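The values are calculated or read from the model by the stated rules, or taken from the named source; none is laboratory data. All values derive from a computational prediction rather than experimental measurement. All Cβ positions, even for glycine, are placed from backbone atoms using ideal geometry, and neighbour counts span all protein chains on display.
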C-alpha cells in the first residue's frame, strides 16, 4: 500500500540530526545502518527507526487495522534484490484490538544482493509506514546508506537473532467459503501460543484478519478470514500460506498447511 504524502523527506545519514524537526510525527530518526559486506558479496544492512517514547510502528502483517509498510529501492544503484529479515513483532493491544509491531525502536535487517558482485552498491530507500501513539498516521521517509563498515554491526546481529525460526512442520487446516472470501482454520502444532499471524506469500492485496486462537481438548487452532480484492470466494494455494507463532520462548514460521485428512 502506498501513501500519498505532499512532500518528500530526503535524509542522508549526516543530516539526520539537523533535519530532525522535519521528520514525521513520532519519529526521532530514520536511517539505513551502513552494515557490512559478507563473503558472498551481499550487503548486510538494516533500517533503523527511532520513535518517540510510547509510539509504535507496524510489522509486515500488522493485523486488522494497521498500516502495512512499503519499500521502494528504485533510487539504488547496482542492486539486484533485497530480502528483509523481520524480527518477531510485539503484540500491541488497544482496547480489544490487537496489532503487531514494535515500540520505540525498530532495527529491520536486510540483505542487499548486487547485480555485479565486483562493483559497489549505493542504497537508497523510500519507505511508507504507519506510526501510532493514540491515533495512527502515515509516514514517509527517504534514506541513503553510508559506505559499509569492515566489521559486522552488533545491532544488526542482535536483530537477526530475533527473526522467527523456520519450521518444517506442516499443520492441518480446513477452509470454507464466506460471502467475501474464505474462512481458514489451522490446527497449530503447539498449545502455548501467545500470538499468531498469517499472510499469503506474494499476495499482499489479500487481506488477512488477526487470527482468533481457540484452545480445546484436541489442541489449539487459529481461525482467520481472507478477503481478496474481488471480495468473493477464491481458490487459495495453501502452500503460499505463511504462519508465524510467537510465545515467550521466541517465534517460529511455518509455510503451508495441509487440507488432507
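What strands (runs of 3 or more DSSP E) completely inside the stretch 49-168 contain at least 2 residues that are closer than 28 Å to residue 213 by Cα?
Numbers: elements: 56-63, 70-72, 81-84, 90-94, 97-103, 105-113, 124-132, 136-144, 165-167.
Hits in the stretch 49-168: 56-63, 90-94, 97-103, 105-113, 124-132, 165-167.
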As an exercise: evaluate residue 204 against (1) touching a residue at least 12 places away in the same chain (Cβ under 8 Å); (2) part of a strand (DSSP E or B) and give the number of the one condition it does not meet. (2)
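Kindly provide the set of residues from the stretch 37-48 that are more than 18 Å from residue 71 (Cβ to Cβ) and not in a strand (DSSP E or B), ordered by number. Even if it seems obvious, please write down each step before you answer.
So the first thing to find is which residues in the stretch 37-48 are more than 18 Å from residue 71 (Cβ to Cβ), and the list is 37-41.
Correct list: 38, 39, 40, 41.
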If you go through 82, 107, the only one that is more than 21 Å from residue 55 (Cα to Cα), in contact (Cβ under 8 Å) with a residue 12 or more places away in the chain, in contact with a strand residue (DSSP E or B) (Cβ under 7 Å, 6 or more places away or on another chain) and not assigned by TED's automatic domain parsing to the domain that holds residue 246 is 82
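On the basis of being out of contact with any strand residue (DSSP E or B) (no Cβ under 6 Å at 6 or more places or on another chain) and assigned by TED's automatic domain parsing to the domain that holds residue 235, does residue 177 make the cut?
On the way: out of contact with any strand residue (DSSP E or B) (no Cβ under 6 Å at 6 or more places or on another chain): yes; assigned by TED's automatic domain parsing to the domain that holds residue 235: yes.
Yes: the conditions hold for residue 177.
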Where residues in the stretch 176-188 are within 13 Å of residue 256 (Cα to Cα) and more than 22 Å from the chain's Cα centre (by Cα), which of them is surrounded by the fewest Cβ atoms within 10 Å (Cβ to Cβ)? 187
Result of the Cβ filter at 6 Å on the stretch 223-235, keeping first residues that are farther than 11 Å from residue 199 by Cα and partners that are modelled with pLDDT under 95 and assigned to a loop (DSSP other than H, G, I, E, B), at least 6 apart or interchain, is 228/206; 229/205
Count of residues meeting criterion [outside any loop (DSSP other than H, G, I, E, B), over 12 Å from residue 185 (Cα atoms) and over 20 Å from the mean Cα position of the chain (by Cα)] in the stretch 212-231: 3
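Kindly check whether there is at least one residue in the stretch 19-36 that is part of a loop (DSSP other than H, G, I, E, B), over 12 Å from the mean Cα position of the chain (by Cα), modelled with pLDDT of 95 or more and in the same structural domain as residue 156 (by TED's automatic domain parsing). Quick ask: steps written out before the conclusion?
Residues of the stretch 19-36 that are part of a loop (DSSP other than H, G, I, E, B), as a first pass: 19, 23-26.
Filter once more, keeping what is over 12 Å from the mean Cα position of the chain (by Cα): 19, 23-26.
With modelled with pLDDT of 95 or more added as a condition, the list becomes none.
No: zero hits.
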Pick from 147, 155: which is more than 30 Å from residue 248 (Cα to Cα), in contact with a strand residue (DSSP E or B) (Cβ under 7 Å, 6 or more places away or on another chain), surrounded by fewer than 18 Cβ atoms within 10 Å (Cβ to Cβ) and not assigned by TED's automatic domain parsing to the domain that holds residue 213? 147
